[in-house]
1. For a quick check of your reading: which helices (runs of 4 or more DSSP H) sit entirely within segment 305-410 and have at least 2 residues that are at pLDDT 95 or above, under 30 Å from Trp257 (Cα atoms) and more than 14 Å from ligand 1 (Cβ to nearest atom)?
2. Mind checking whether some residue in segment 252-260 is surrounded by 14 or more Cβ atoms within 10 Å (Cβ to Cβ), closer than 30 Å to Gly228 by Cβ, out of contact with any Leu (no Cβ under 9 Å at 6 or more places or on another chain) and among the charged types (D, E, K, R)?
3. Take Ala414 and decide whether it is in contact with a Phe, Trp or Tyr (Cβ under 9 Å, 6 or more places away or on another chain), touching a residue at least 12 places away in the same chain (Cβ under 8 Å), within 16 Å of ligand 1 (Cβ to nearest atom) and closer than 28 Å to Asp124 by Cβ.
4. Looking at this structure, is Gly379 within 11 Å of ligand 2 (Cβ to nearest atom) and within 23 Å of Ala72 (Cα to Cα)?
5. Being farther than 24 Å from Val218 by Cβ and surrounded by 18 or more Cβ atoms within 10 Å (Cβ to Cβ) narrows it down to one of Ala310, Ala333, so name that one.
6. State yes or no: is Ser288 among the small types (Gly, Ala, Ser), farther than 20 Å from Gly139 by Cβ and within 16 Å of ligand 2 (Cβ to nearest atom)?
7. Restricted to segment 383-405, and to residues that are within 18 Å of the chain's Cα centre (by Cα) and not small (Gly, Ala, Ser), which residue is nearest to Asp325 (Cα to Cα)?
8. Residue under question is Ile385, and the condition is that it be in contact with a helix residue (DSSP H, G or I) (Cβ under 6 Å, 6 or more places away or on another chain), within 16 Å of ligand 2 (Cβ to nearest atom) and without any contact (Cβ under 8 Å) to a residue 40 or more places away in the chain; does it hold?
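The values are calculated or read from the model by the stated rules, or taken from the named source; none is laboratory data. In this text, all values refer to a predicted model and were calculated from it rather than measured experimentally. Glycine gets a Cβ as well: all are built from the backbone with ideal geometry, and neighbour counts include every protein chain shown.
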Amino acid sequence: MQPSRHNILTPVEGSQSWLLLNLLSGQADLLDTPTAERFQRGTYDDPEQLAAKGYLVDPAEEAGRLAAAHAAFQAGQQDDEIQLFFVASYACNFGCSYCFQDEYAPQQTHDPDAVIDAFFAYVDDTFAGRRKYVTLFGGEPLLPSARARHVVERMIEQTRARGLDLAVITNGYSLESYVPLLATGNIREVQVTLDGARQVHDQRRALKGGGATFDRVVAGVDAALEAGLTVNLRAVLDKENLSDFGNLAHFAIDRGWTDRPNFKTQVGRNYELHHCQTNNTRLYTRLSLWQDMYRLIEQDPEILAFYRPAYSVARFLFDEGQLPDPLFDSCPATKTEWAFDATGAIYPCTANVGKAGEEIGSFYPTRSLRGDRVADWSGRDVTTIPGCADCAHQLACGGGCGAVSQSWKGAIRAPDCRPVGELLSLGSALYGQRELPREP
Ligand code: SF4
Ligand code: SF4
């Protein structure tokens, strides 16, 4: 028997406890420091129990379990719902200080109705029999123009005709005026971004050419929630606005948003994907954002009523009392995510939609698919990324983002590492106020 290669042992931030977990066996335990140190040295108090929990293994037996779990994961992916992004236009009325689409905006010259109809015909043919929904993305899809409104009307018609849900990702500026129209559709959610309370948001997310946007976005969120639409409020964070995140949380709490069942939140890390940002010292790493978020929540725990960070699998573990299934792949591109734009091009996902050279095919005016490129994306998981092969964190990490790997390491199948141990350390301190289940 030897230690499993999937054991993760990490100190719980600010305590004398350690978290030992194994995503392949689905076990997690809190250890005291002397026990954790003995475990690290290979001195085991109760080898039989450690073997029963999959912390000590016969490597051949464990390899078999890993292969079975991988097969189950792949089979599950075949049944997963597919998210199909559609960009009707890259035009936007905001001039956000960190926008990555500013450097590429392909010109669309086709008749919008013809492209939308071709998109749905492609979806009908290509994804028949799969669970799926459509997300309208941009640019800004809810511009205050007759053309933009017509596109939304047609997207609602076409999704309704197929019984599909439609999600909308908007800057929120004209959301209020679109709410009556959206209320006629099968709207899964409306994602709206606020980067802080009024002053900070308006500095980062002003209109092109200047002009405050906060109050209009808030009015849009109010109207959408009142109409029963689900609002997913997103904040894009970097070092310039993290300190205002608590103010945003309190604004949402005081406005009653967090009491509504149709309100949820998410955080995006402002990160360098395709080009150097003008002021990249403001960017957080994958770890430093969550370290600073942890300190912020320590000072102001009410933030948790607004947003509960995942900290790798820590939130899931302590909320559910069990671990999630092993994550062999964290990048849905060309598996459960595809992106389409009004030029008729197909892209692997939202991170590269509209970027010249990233197309993997076309759906209008003619159909084609680059099988070699699709295979490169769709075959990406921790078993095919060479750098992930021996990583103990692989079943919590999933190999990261293929677009980041391609951008920074020149290959889709390169690791984009998550700081799993450090995140678990913080998350188990934040959420782990109670005992873990002790029995297998
Ligand atoms: S490439 Fe990155 S952004 Fe695109 S689907 Fe994969 S993980 Fe998501
Ligand atoms: S991307 Fe990095 S942390 Fe993630 S599984 Fe691969 S080697 Fe491990």
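1. Per the criteria, 314-320.
2. yes
3. Here the answer is no, as Ala414 does not meet what is asked.
4. Numbers: within 11 Å of ligand 2 (Cβ to nearest atom): no; within 23 Å of Ala72 (Cα to Cα): yes.
So Gly379 fails the test.
5. Checking each option against the conditions leaves just Ala333.
6. Values: among the small types (Gly, Ala, Ser): yes; farther than 20 Å from Gly139 by Cβ: yes; within 16 Å of ligand 2 (Cβ to nearest atom): no.
No; evaluated as a whole, the condition is false for this residue.
7. Leu395
8. Values: in contact with a helix residue (DSSP H, G or I) (Cβ under 6 Å, 6 or more places away or on another chain): no; within 16 Å of ligand 2 (Cβ to nearest atom): yes; without any contact (Cβ under 8 Å) to a residue 40 or more places away in the chain: yes.
It is false that Ile385 is in contact with a helix residue (DSSP H, G or I) (Cβ under 6 Å, 6 or more places away or on another chain), within 16 Å of ligand 2 (Cβ to nearest atom) and without any contact (Cβ under 8 Å) to a residue 40 or more places away in the chain.
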